[in-house]
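I'd like to ask you about the structure that follows.
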């Protein structure tokens, strides 16, 4: 019996999804669906995590990574890539996020200039210098992230290509667009949030160069840029 024309074969495939080998693969979840799922999972596992252990592991991994960097690096002309003292950008973690408090203390103990973000009414980020007592200096402006040699960024998940899934407000997308060309972007997530399956990615999404998890430490992301 001859095969039907191509259009009829496609129609038959649509109307017989239970036939082996004919069903279309399910579409990957969209970003909003993934965010809901990841937030729910974080809320459910947060009471079971030892935040002190996680905080120490994250800080140790970050510190070991910084030991491998030359601060400041040289630019293409052999001159320092940064005009002044390079900064390190971090975030103040929420109760369900991987903790950043010990990371902040470790960076300050190394004598680094640490900046933290403040969300503005339009969801852009201003930056403030973090002091040793936990207080913050005056606003430095949204462009201050351009002086950061390393940017430790929050994320809900990261995939193995370096695609980062944020909270959805676009704050870090805008901030990372102002990063220095030599800056290294390191996302901090829980171990299970370093995803094997590809995450949805838009053209404005900035790939991260490495990921830190409490259990595995720092993992460079291949082909996303240098972390040296």
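The values are calculated or read from the model by the stated rules, or taken from the named source; none is laboratory data. Just so it is clear, the model here is predicted, and its values are computed rather than measured. Here the Cβ is made from the backbone with ideal geometry for all residues, glycine too, and neighbour counts use every protein chain on show.
Condition (residue is touching a strand residue (DSSP E or B) at 6+ places or on another chain (Cβ under 8 Å), part of a strand (DSSP E or B) and surrounded by 22 or more Cβ atoms within 10 Å (Cβ to Cβ)) applied to the stretch 212-219: is it met by at least one residue?
Initially, the stretch 212-219 is screened for residues touching a strand residue (DSSP E or B) at 6+ places or on another chain (Cβ under 8 Å), giving 212-213, 216, 218-219.
From what's left, part of a strand (DSSP E or B): 212-213, 218-219.
So of that shortlist, the ones also surrounded by 22 or more Cβ atoms within 10 Å (Cβ to Cβ) come out as 212-213.
Yes: one or more hits.
Being under 12 Å from the mean Cα position of the chain (by Cα), on the phi < 0 side of the Ramachandran plot, surrounded by 20 or more Cβ atoms within 10 Å (Cβ to Cβ) and part of a strand (DSSP E or B): is that true of residue 186 here? Before the answer, list the steps.
On the way: under 12 Å from the mean Cα position of the chain (by Cα): yes; on the phi < 0 side of the Ramachandran plot: yes; surrounded by 20 or more Cβ atoms within 10 Å (Cβ to Cβ): yes; part of a strand (DSSP E or B): yes.
So residue 186 fits the description; yes.
Related question: Go through the stretch 55-93 and report how many residues are closer than 22 Å to residue 103 by Cα, in contact with a strand residue (DSSP E or B) (Cβ under 9 Å, 6 or more places away or on another chain) and either buried (at least 19 other Cβ atoms within 10 Å of the Cβ) or at pLDDT 90 or above (or both).
Count: 16.
Name the residue that is farthest from residue 180 (Cα to Cα), counting only residues in the stretch 116-135 that are in contact (Cβ under 8 Å) with a residue 40 or more places away in the chain and outside any strand (DSSP E or B).
123
Which number in (1) part of a helix (DSSP H, G or I); (2) surrounded by 15 or more Cβ atoms within 10 Å (Cβ to Cβ) marks the one condition that residue 192 misses?
(2)
Every residue in the stretch 136-165 that is assigned to a loop (DSSP other than H, G, I, E, B), on the phi < 0 side of the Ramachandran plot and either touching a strand residue (DSSP E or B) at 6+ places or on another chain (Cβ under 9 Å) or modelled with pLDDT of 95 or more (or both), please. Write out each step before concluding.
Taking the stretch 136-165 first, the residues assigned to a loop (DSSP other than H, G, I, E, B) are 140-141, 155-156, 160-163.
From what is left, the residues that are on the phi < 0 side of the Ramachandran plot are 140, 155-156, 160-161, 163.
Selection gives 140, 155, 156, 160, 163.
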